[in-house]
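This report concerns only the one structure given below.
Laboratory data are not the source of any read-out in this text; all were calculated from the coordinates shown. Computed from a prediction, not measured in an experiment: that's the story for all the values here. Heads up, the Cβs are rebuilt from the backbone with ideal geometry, glycines too, and the neighbour counts pull from every protein chain shown.
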Protein chains: 2
Amino acid sequence: MERPNEVVIIGGTACGPKAGARARRCDPQARITIVEQGEDLSTATCGLPYYISGIIDSQSALVARRHDFFKDVMNMEVLTRTKALAIDREAHKVEMLNLETNQVSTIGYDKLVLATGSLPAVPDLAGRHLGGIFTLTKLKDANAIRNLISPPEIKKAVIIGAGLISLEMAEAFVSQGLEVTVVEALDWVLPALLDFEVAAYIEKHLRAKSVNLLLGQRVIRFEGDGNGWVRRVITEDAELEANLVLLALGTRPNTSLAQDAGLTIGSTGGIAVNQYLQTSEPDIYAGGDCVENVNRITQQKMLAPLGSTANKHGRVIGTNVTGGCETFPGVLGTTIAKVFDYNVARVGLSELQAREAGYNVVTCLVPGYEHATYYPKGKEILVKLVAEKSSNRLLGGQVVGPGETAKRVDVLATALTFGATVDDLANLDLAYAPPYSSAMDPVHNAANVIRNKQSGYAKALTPMEVKNKLESGDDFILLDVRSPGEWDTCRLEATQAKLLPLRELRARLNELPKDAEIVAFCQTSVRAYQAQRILEGAGFKRIKFMEGSIAAWPYEIYGKANYSSSSWR
Amino acid sequence: MERPNEVVIIGGTACGPKAGARARRCDPQARITIVEQGEDLSTATCGLPYYISGIIDSQSALVARRHDFFKDVMNMEVLTRTKALAIDREAHKVEMLNLETNQVSTIGYDKLVLATGSLPAVPDLAGRHLGGIFTLTKLKDANAIRNLISPPEIKKAVIIGAGLISLEMAEAFVSQGLEVTVVEALDWVLPALLDFEVAAYIEKHLRAKSVNLLLGQRVIRFEGDGNGWVRRVITEDAELEANLVLLALGTRPNTSLAQDAGLTIGSTGGIAVNQYLQTSEPDIYAGGDCVENVNRITQQKMLAPLGSTANKHGRVIGTNVTGGCETFPGVLGTTIAKVFDYNVARVGLSELQAREAGYNVVTCLVPGYEHATYYPKGKEILVKLVAEKSSNRLLGGQVVGPGETAKRVDVLATALTFGATVDDLANLDLAYAPPYSSAMDPVHNAANVIRNKQSGYAKALTPMEVKNKLESGDDFILLDVRSPGEWDTCRLEATQAKLLPLRELRARLNELPKDAEIVAFCQTSVRAYQAQRILEGAGFKRIKFMEGSIAAWPYEIYGKANYSSSSWR
């Protein structure tokens, strides 16, 4: 009888158990062992913010499968509380430490799977080891935070970093009655994911939810009380009282085992793998947060520490360690997070990332509604697309707001997978009925705005460009083409501002000097673009519209910006 | 000075106004005239069911833009209450009748746009002209229905046909306190859109909402009272009392004007157009419900009478009648409807359509959850995919249920646009966070089920095949691998049924005869597939699992099928 294939998996969170389960289904005879430092397998770490907020009430809900499932159903050997110490590539052996008994043992493998995950990035700052300073990657972190914030006198939380977990945790802390300050070294929230103006749209919402944002500020040190508990966060400009500090500066791949074994580590810091998810040693596979991925747009390497990617890796690895041949095609940096009442989603390259990667880009910034405007309770979304100027090829998208955004970003992700152009996007046959979308979805409209720019019909300035012109005191007309009622509700306060409703524009053309530079705006830019075309048709030469208009204006505004503009039709 | 381009548009609902607006933005100097029989332009006819249900409370909400908008802003000539009588292709003229004054006039065109829409299909049945029998395509139909049902004594509505509008209207009528019967000649609801087992899943929901379904029955005639009002609907097998009858048998393209002008009509009954949406006469364009479209999968012609398609047509036509050159690539038959608490969506070819088109197919039927199971309030969805067996190419998808389905179908629509395979689908980098999806989305899981079938790992029977085996009294074991608690809650009653929980399967293999035919099932098929692989690994040769299991079982069941199965993990 043939000797069974020996598969050893190190790491039991997402990629590891998935690889094991898939390997078992592919090869009923394989001997599969899973080695995990912690007590549980298949912990849903993505759910930790919701466990802290109380939306998920029991920690058992976060453990997807109990040990005995892996033993009884999957016929795997499960070694929890066991730490892999070293890999002997030559002998195909792993040295392990039982954390309960402190005994060291070895296990042989034919195929080894590294699913060692990631570690929280921790800044080297004075006071970093004070009590009350946390990272959040494990259930025990979440339990410690829950315990600390349960007494009502714990009132002030400071979150360092403004990434996804930071903002999810801001919501969790606010829901638990804490005052929350987020400190971010860069100039806007979610800087690795969003462009400035899209982030600014979310910042308004965070501030409306009482989150204090300190942007463009570095933390200098933490100060504690006599008992060794944190009491203050000192930044470049501020001293913040704090009963709790969350370090949410992202993660880095946990590669020490791989590195010690001499496996190749990529320039991103993740374990280098090929399309079969093999490391530089063909009998050792790696997946999940510890590896680097291929960006399907740029073909560059990138990190993508997400449960979704880890699970897909697991299936590929499970297939391949049992004699199959499956490939993993890479990732798009697709990301979504619930940030209070906003759905924040993005995919591909941001404008900043695209420019840094050397693309000549064309973008759009398009407000829209999640479904037909006449169907009640529709909520706003804001769509930014980034495309390559020379080819119209989509490079990325950001879709955020109180309305539905997951669908739009998943459509963009699917389109990006196949190298779609904005022309392709504009004619996608997406599902339409009034409760779900408009006849022209915001994705279609956004694609068409880029096409209108490319064809020379639409001439736009970004809100940032308009702001610069206002601040430089430029001589131009900032033409508000909304209705007088909308003007009364809110407006951009500037000496250059002039109200001339779109409906009256053709009749009152003589009020505008033909040679003036004019920038039209409205609520969402639909009317402003129309105004641009009317004025150009009438012989005006220096006319543009402001993209996104009031709905996407990232700065202060006079009055209430989020009003319904349906009355103007 | 050059003579302006004369553009005449016939039809003012969706494609026509869109074409006009686009033409205006492309050509400020064109003379654009829009000719419409009714009183309003841009009526949102897709909203009519919601206007009748009261979700949309005012009819003005359904008129997207008033006349003066088209005149003042778009600088178009708007001729409402005007009927186009005939086209003189030679002279480039249209003869029109003013329905107010009964005056006939002519208008010349350089480019003519036919956006004449569709007409309700009406059966030639006795009693068809009785009062209280309606079709629903216009605001005045909706107002007449609203008026009729407002007195509380109007209690019984019969809907003929079980298409999209039928089911939307069933919900509207039930919400207004009516008893509703839907009569359908074919054997399941939404027969043009869904396969039997997916439709059956929706039929359970309709019945739970007190909708009476008479399937596989033709209507013979209508009977009225002495005042000429409908009182009874006589079908092959039943006599139904009725105070109101809605004829919802779909629509047919309104092509009489085109036909009289000698333009080519396609075999589908729609006006034939090329990719530029030109008819057989190059100066006449056509779009919206009156034309036929190219199915992007089969490249066959099909009808696609939807506001979404009409709007896209409008943009293409508006570009092309003003000297541009844009193409319309075709449609995928993407459709969505809210049916009470279910979101019913589909795209591409159903299994039936694919087989009729000659494809050798592989399918899957996969229940899943809209988001992470541990995040609260997740609702179920059911995914059916259809792929080409030889190539793994996706051909279509049906996604239905109380959970989110629009996103999944839009992802499939985007994938179909680019000829994606199920392998492509399985590795799509879709947006993942617990409130929005699972790490492996139901789309991924469904794609992987097909891949598992193709690779020979998964061996499945459909619920219909299992039902047939049960009814034929086949000698096999219907192996329920759920927990005893689940068995107590609901089960398939059959002499062949045997409970053997997955967790105990490996230990109790000796209870199963090695040579027996075994069909495993559970709640969603995840455990059943696992059981299949365990039994095969143990040397069993005749083992399959039932796709969709209890969640997708389209027949009677003993007990309550919709329980949470999270306890089994």
Inset, instruction - Based on other C-beta atoms within 10 Å, arrange B:Val347, A:Val449 from fewest to most. - result: A:Val449, B:Val347
Inset, instruction - Give a residue-ordered list of calculated ³J(HN,Hα) values for segment B:255-270 (Karplus: 6.51 cos²θ - 1.76 cosθ + 1.60, θ = phi - 60°; whole Hz; x for Gly, Pro). - result: 10, 4, 4, 5, 4, 4, 7, x, 6, 6, 9, x, 5, 6, x, x
Legend entry - Summed side-chain charge close to B:Leu99 - residues other than B:Leu99 whose Cβ falls under 11 Å, Lys, Arg +1, Asp, Glu -1: -1
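Going by the alpha-carbon gyration tensor, a ≥ b ≥ c the square roots of its eigenvalues, is chain B rounded (a/c under 1.5) or, if a/c is not under 1.5, prolate (a/b greater than b/c) versus oblate?
On the way: a/c = 2.51, a/b = 1.72, b/c = 1.45.
Because a/c hits 1.5 or more and a/b exceeds b/c, chain B counts as prolate.
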Inset, instruction - Would you please name the GluC sites (Glu not before Pro) within segment B:56-150 that are DSSP coil residues with at most 15 other C-beta atoms within 10 Å of their C-beta? - result: B:Glu90, B:Glu100
Legend entry - Computed [θ] at 222 nm, helices only, for chain B once each DSSP H run of length n ≥ 4 contributes -39500 (n - 2.57): -7000 deg cm²/dmol
Legend entry - In Hz, Karplus ³J(HN,Hα) per residue of segment B:66-82 (6.51, -1.76, 1.60; θ = phi - 60°; x = Gly, Pro): 7, 3, 5, 4, 5, 6, 6, 8, 8, 6, 10, 7, 10, 10, 8, 6, 10
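Is the shape of the protein assembly as shown rounded, prolate or oblate, going by the alpha carbon gyration tensor and its root eigenvalues a ≥ b ≥ c, with a/c under 1.5 for rounded and a/b larger than b/c for prolate?
oblate
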Legend entry - Under-5 Å amide H pairs with A:Gly131, H placed in peptide plane, nonlocal only: A:Trp229, A:Val230
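Counting other Cβ atoms within 10 Å, which GluC sites (Glu not before Pro) in segment B:446-523 have at most 13 and lie in a DSSP loop?
B:Glu493
Suppose the chain between B:Arg355 and B:Glu493 were pulled fully straight at 0.36 nm per residue; how much longer would it get relative to their current alpha carbon spacing?
This chain segment gains 46.5 nm when fully extended.
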Legend entry - Amide H contacts under 5 Å for B:Ala460, placed H, 5+ residues apart: B:Phe545
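How shielded is B:404-413 by partner chains, expressed as the average number of their Cβ atoms within 10 Å of its Cβ atoms?
Mean shielding count: 6.
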Inset, instruction - May I ask you to evaluate 6.51 cos²θ - 1.76 cosθ + 1.60, the Karplus curve with θ = phi - 60°, for each residue of segment B:212-225 and list the ³J(HN,Hα) values in order in whole Hz, giving x for glycine and proline? - result: 8, 10, 10, 9, x, 10, 8, 7, 9, 6, 10, 10, x, 9
Inset, instruction - From other protein chains only, count the Cβ atoms within 10 Å of every residue's Cβ in A:322-330, then give the mean. - result: 2
Legend entry - Built amide H within the under 5 Å cut-off of B:Ala242, gap 5+: B:Arg232, B:Val233
Legend entry - Neighbouring partner chain Cβ atoms per residue of B:456-463, average, 10 Å criterion: 1
Inset, instruction - Please give the net charge around A:Glu77, taking every other residue with its beta carbon less than 13 angstrom from that of A:Glu77, where Lys and Arg add +1 and Asp and Glu add -1. - result: -1
Legend entry - Inter-copy spacing of A:Gly226 label points, which lie 7 Å from Cα along Cα→Cβ, given in nm from shortest upward: 10.1
Inset, instruction - Apply 1/(1 + (r/R0)^6) to the Cβ-Cβ distance of B:Lys155 and B:Asp237, taking R0 = 22 Å, and write down the FRET efficiency to the nearest 0.05. - result: 0.50
Legend entry - Label point 7 Å beyond Cα along the C-beta direction, distances from B:Leu186 to other copies (nm, shortest first): 5.1
Legend entry - Loop-located GluC sites (Glu not before Pro) in segment B:320-380 whose Cβ has at most 15 other Cβ within 10 Å (DSSP): none
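In this model, which of A:Lys541/B:Lys111; A:Lys498/A:Lys544; A:Lys379/A:Lys467; B:Lys338/B:Lys379; B:Lys453/B:Lys544 are farther than 19 Å apart at the alpha-carbon?
A:Lys541/B:Lys111; A:Lys379/A:Lys467
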Legend entry - FRET E, pair A:Val122, A:Asp88, Förster distance 22 Å, beta-carbon r, rounded to 0.05: 0.10
Legend entry - For segment B:447-524: rounded, prolate or oblate by the Cα gyration tensor [a/c cutoff 1.5]: rounded
Legend entry - Using a 7 Å Cα-to-Cβ projection, A:Pro376 label spacings across copies, nm, ascending: 2.5
